Amino acid sequence: MAGNSGTVSSSSSRDQSGIAGLPASKYLEKKRATRNPERCSRVYSSELSFSFIGQESTCREGHSTKEVSVLTRGMSIFLFILLSLLVYIAALVALVRATGRLRYYRFDEAGFLGMAALDIVAGILLFSAVATPLVLLTGSTVESVEGRVLAFLLLLGIILVSGAAAWRSLGWSPSSQTLSRLLGGIYCLLLALAALVCMVLIFLPGR
């Protein structure tokens, strides 16, 4: 009796736990399917279809994740370039106004030092705004060309505005200080020359 009870308990536990880690219901379904070839083919075809559906859903999720990452990168690049354009415009305005007021101060006055420092900061911001599209748009050949064209246009704006500011600063005026207007005009000419050199360098092969 003990042996029979042990056999019954083992068989019942086997039916509950299944074979090879499978649930009892899944095991019974497979067992019935093996006795009926048509049912067997339907069971295995359903399993294959579920596996293919799972693979397809995984591919779709990966594709959607890639699209989201590309969109996020494009938005961040657009925002950085827009910010650099705003900084570029503000730096041009600061350069023109600071250079225009620079010539009315003697070089040993505090006003001259303040306007000269503003001129220097404006020049640094201008070339930083030019370098932004060159750094960000480097993903492909098309983006690289777009970045160089945008940098070329920004450098052209620096040349035009700096040349006009230098012309205005070097012009004689009764109330202007000679040394101050010469220093301001020379600084603007150096900015225009640096922009011209950068304009040539960005289109050289290998750059």
- request: Please enumerate the residues belonging to the range 96-108 that are modelled with pLDDT of 90 or more and either out of contact with any helix residue (DSSP H, G or I) (no Cβ under 6 Å at 6 or more places or on another chain) or farther than 17 Å from V161 by Cα (or both).
  value: R97
message: Only one of G100, G171, G111, G147 is in contact (Cβ under 8 Å) with a residue 12 or more places away in the chain and more than 21 Å from I77 (Cβ to Cβ). Can you tell me which?
response: G100
- line: Among S169, S128, S176, S144, the single one that is of a type in the set (G, A, S), part of a loop (DSSP other than H, G, I, E, B) and at negative phi is S176
- line: Going through the range 179-207 in order, the residues found to be among the small types (G, A, S) and either part of a helix (DSSP H, G or I) or in the same structural domain as F127 (by TED's automatic domain parsing) (or both) are S180, G184, G185, A192, A194, A195
query: Which of the residues belonging to the range 60-90 are hydrophobic (A, V, I, L, M, F, W, C) and either farther than 17 Å from E146 by Cβ or at pLDDT below 65 (or both)?
result: V68, V70, L71, L83, L86, V87, I89, A90
Search result, residues across the range 177-207 that are in contact with a Leu (Cβ under 9 Å, 6 or more places away or on another chain), among the hydroxyl-bearing types (S, T, Y) and at pLDDT below 90: S180
Scan of the range 90-112 for residues that are surrounded by 13 or more Cβ atoms within 10 Å (Cβ to Cβ) and of a type in the set (A, V, I, L, M), ordered by number: A90, A91, L92, A94, L95, V96, A98, L102
statement: By residue number, the members of the range 156-180 that are surrounded by 22 or more Cβ atoms within 10 Å (Cβ to Cβ) and of a type outside the set (S, T, N, Q) are I158, A165
- request: Could you identify the single residue in V135, V93, V142 that is of a type in the set (V, I, T) and modelled with pLDDT of 90 or more?
  value: V93
task: Could you tell me whether the range 154-168 includes any residue that is in the same structural domain as T99 (by TED's automatic domain parsing) and out of contact with any helix residue (DSSP H, G or I) (no Cβ under 9 Å at 6 or more places or on another chain)?
output: no
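The values are calculated or read from the model by the stated rules, or taken from the named source; none is laboratory data. Values in this document were obtained by computation on a predicted structure and should not be read as measured data. Cβ atoms come from the backbone with ideal geometry, glycine included; neighbour counts cover every protein chain shown.
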